[in-house]
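Structure first, commentary second.
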Protein chains: 2
Amino acid sequence: MRLLLLSNSTNYGTPYLEHCASAIDEFLGKQRELLLIPYAAVSVDYGKYEEMAQNALGVFGIKIRSIHRYDDPKEAVRNAEALAVAGGNTFRLLQLLYFEDLFDVIRERVSDGMPYIGWSAGSNVSGISIRTTNDMPIVQPPSFISLGLIRAQINPHYTDRVIPEHNGESRLQRLLEFAELNREDCVLGLPEGSWLCLESDTWCYKGNEKLVVVEYGQSVRYLNQEEASKFLNERKFHNP
Amino acid sequence: MRLLLLSNSTNYGTPYLEHCASAIDEFLGKQRELLLIPYAAVSVDYGKYEEMAQNALGVFGIKIRSIHRYDDPKEAVRNAEALAVAGGNTFRLLQLLYFEDLFDVIRERVSDGMPYIGWSAGSNVSGISIRTTNDMPIVQPPSFISLGLIRAQINPHYTDRVIPEHNGESRLQRLLEFAELNREDCVLGLPEGSWLCLESDTWCYKGNEKLVVVEYGQSVRYLNQEEASKFLNERKFHNP
């Protein structure tokens, strides 16, 4: 399996996909055609989303085409060289993945080696379920169960920070509550600017900030690149 | 109907329920017994939650008893003088309201005049659905549809502020995306420290900050106490 799971599309103060464009280029290797699934977009037009991604990745000779341009989305995935699932609202993304009945074809193709790139909501849906999304549940998908490409929960945009002088739980409190009610599931908190990569059965973690691991009955772990990569390879969250 | 829908339990830097204890006292009138539904609690023990509420409201002679002390939760609601639905995780709260099959009995009793007090998640579930909660979907309730005591969506802890130098949507962006996909539903954003009150068919809004109204096709409205009360009475979001 080949997975590139990015916390976010946009680092604070930099253009769309800029911080990860070289990583995407490197991850894709020879493949230069990327099928974009922009279903998480609510307030941005799919065509605009495609253009934003094209602008960011075109410099590497990568060609983006959005799935909304195809009559048969399933067929589009079946024939794709590589897949990029973009960010936005995770509930909306999952709703439309169910609606277009794309689960099986995505799982099959990814399991056969098609590169899967996700950022934000697109990383979220690669996990077991969307129960650790930060998004507002503005629409109800048929289920919270997501693609399950990895046997873990992703929390993108992980941060320890909160809105100053505002109440409501911190991110960590939320994830600890998740762990309390979901004792079997491991959460990988990806700070902005970081990503997970899986190639040839080998995981690596890249990020200036540490990967945060939350599991029931364990202290919260904050792992640097080396520690995180070791942890991921020991735990083997993918289906070999 | 008698509803007191509070944005939050705790204003920044003040003890639990302190900012709204007199409002609760006044709203309850002669009724001094309050059945507490603490199902939104995940990391706090139900007994502890009861104690916290008792400590805050005992000074007014209000007696709190949590529903977990009763063998038959439905019977407890049937016999309650007044109901308080506490904050925490909205998905967990809704899951357990469904599990204990409390929808009908709560709706009946509230429609018959039993006072309903909610804060945070407890206010959220008084609306049409929980699609405008800020909480993490750590468990999956059977549906997002909630009590529907009012024909609007509540967004508690409303704020325009964001985590500094962090990406992800602002609250308003999220609610505008909600409106885009749910064009019939009106969102009432309650800033911390504010609440809605309905008594004898008359609404009022209390808060130092303005009520935020988000609806599809309309500019976002920021209404002071007087304007908000007028708006609520014109729109009559309750079922008369």
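In the stretch A:144-165, what residues are facing another protein chain (nearest Cβ under 7 Å) and in contact (Cβ under 8 Å) with a residue 24 or more places away in the chain?
A:PHE144, A:HIS157, A:THR159
Return yes when B:GLY168 is touching a strand residue (DSSP E or B) at 6+ places or on another chain (Cβ under 6 Å), more than 9 Å from chain A (Cβ to nearest Cβ) and of a type outside the set (S, T, N, Q) and no when it is not.
Against the criterion (touching a strand residue (DSSP E or B) at 6+ places or on another chain (Cβ under 6 Å), more than 9 Å from chain A (Cβ to nearest Cβ) and of a type outside the set (S, T, N, Q)), B:GLY168 does not qualify.
Residues of the stretch A:12-23 being closer than 16 Å to B:PRO164 by Cα and open to solvent by less than 40 Å² (accessible area, probe 1.4 Å), which ones?
Matches in the stretch A:12-23: none.
Return yes when A:ILE138 is free of Cβ contacts under 8 Å to residues at least 60 places away in the same chain and over 20 Å from A:SER9 (Cα atoms) and no when it is not.
no
Suppose we keep only residues that are of a type outside the set (A, V, I, L, M) and assigned to a loop (DSSP other than H, G, I, E, B) within the stretch B:30-42. Which one would you say is farthest from A:ASN182 (Cα to Cα)?
B:LYS30
Hey, could you check the stretch A:78-101 for residues that are part of a helix (DSSP H, G or I) and either open to solvent by 60 Å² or more (accessible area, probe 1.4 Å) or within 18 Å of A:ARG32 (Cβ to Cβ) (or both) and say which is farthest from the other protein chains (Cβ to nearest Cβ)?
So the residue we want is A:ARG78.
Could you list all residues from the stretch A:57-101 that are over 21 Å from A:SER129 (Cα atoms) and under 16 Å from the mean Cα position of the chain (by Cα)?
Within the stretch A:57-101, A:ALA82 is the sole residue that qualifies.
Restricting to the stretch A:111-126, name every residue that is in contact (Cβ under 8 Å) with a residue 60 or more places away in the chain and under 14 Å from the mean Cα position of the chain (by Cα).
Across the stretch A:111-126, the qualifying residues are A:PRO115, A:TYR116, A:ILE117, A:GLY118, A:TRP119, A:SER120, A:ALA121, A:GLY122, A:SER123, A:SER126.
Within the stretch B:114-162, which residues are on the phi > 0 side of the Ramachandran plot and among the basic types (Lys, Arg)?
Let us first name the residues in the stretch B:114-162 that are on the phi > 0 side of the Ramachandran plot, namely B:120, B:148, B:157.
Within the stretch B:114-162, none qualify.
Check off (1) part of a loop (DSSP other than H, G, I, E, B); (2) at pLDDT 95 or above; (3) open to solvent by 50 Å² or more (accessible area, probe 1.4 Å) for A:ASP104 and give me the number that stays unchecked.
(1)
Would you be able to tell me the number of residues in the stretch B:181-220 that are of a type outside the set (Gly, Ala, Ser) and farther than 24 Å from A:GLY168 by Cα?
Matching residues across the stretch B:181-220 total 14.
Looking at B:ASN55 and the list (1) buried (at least 20 other Cβ atoms within 10 Å of the Cβ); (2) in contact with a Phe, Trp or Tyr (Cβ under 9 Å, 6 or more places away or on another chain); (3) assigned to a helix (DSSP H, G or I), which single condition is not satisfied?
Result: B:ASN55 fails condition (1) only.
Any residue in the stretch B:215-224 that is of a type in the set (Lys, Arg), closer than 20 Å to B:ALA40 by Cα and either more than 14 Å from chain A (Cβ to nearest Cβ) or under 17 Å from the mean Cα position of the chain (by Cα) (or both)?
no
Go through the stretch A:125-160 and report how many residues are open to solvent by 10 Å² or more (accessible area, probe 1.4 Å) and out of contact with any Lys or Arg (no Cβ under 8 Å at 6 or more places or on another chain).
Result for the stretch A:125-160: 6.
Might you let me know whether the stretch B:43-52 holds any residue that is of a type outside the set (Asp, Glu), open to solvent by 70 Å² or more (accessible area, probe 1.4 Å) and either free of Cβ contacts under 8 Å to residues at least 12 places away in the same chain or part of a loop (DSSP other than H, G, I, E, B) (or both)?
The answer is yes, given that some residue of the stretch B:43-52 is of a type outside the set (Asp, Glu), open to solvent by 70 Å² or more (accessible area, probe 1.4 Å) and either free of Cβ contacts under 8 Å to residues at least 12 places away in the same chain or part of a loop (DSSP other than H, G, I, E, B) (or both).
I'd like to know if the stretch B:185-202 contains one or more residues that are over 21 Å from B:ASN89 (Cα atoms), within 12 Å of chain A (Cβ to nearest Cβ) and surrounded by fewer than 22 Cβ atoms within 10 Å (Cβ to Cβ).
Scanning the stretch B:185-202 turns up at least one residue that is over 21 Å from B:ASN89 (Cα atoms), within 12 Å of chain A (Cβ to nearest Cβ) and surrounded by fewer than 22 Cβ atoms within 10 Å (Cβ to Cβ).
If we scan the stretch A:7-25, do we find a residue that is under 15 Å from the mean Cα position of the chain (by Cα), without any contact (Cβ under 8 Å) to a residue 12 or more places away in the chain and either part of a loop (DSSP other than H, G, I, E, B) or under 20 Å from A:LEU97 (Cα atoms) (or both)?
Looking through the stretch A:7-25, at least one residue is under 15 Å from the mean Cα position of the chain (by Cα), without any contact (Cβ under 8 Å) to a residue 12 or more places away in the chain and either part of a loop (DSSP other than H, G, I, E, B) or under 20 Å from A:LEU97 (Cα atoms) (or both).
The values are calculated or read from the model by the stated rules, or taken from the named source; none is laboratory data. All of these numbers come straight from a predicted model, not from anything done at the bench. All Cβ positions, glycine included, derive from the backbone under ideal geometry; neighbour counts span all protein chains shown. Surface accessibility is based on the protein's heavy atoms, side chains included, excluding ligands, DNA and RNA. Shrake-Rupley method; radii C 1.70, N 1.55, O 1.52, S 1.80 Å.
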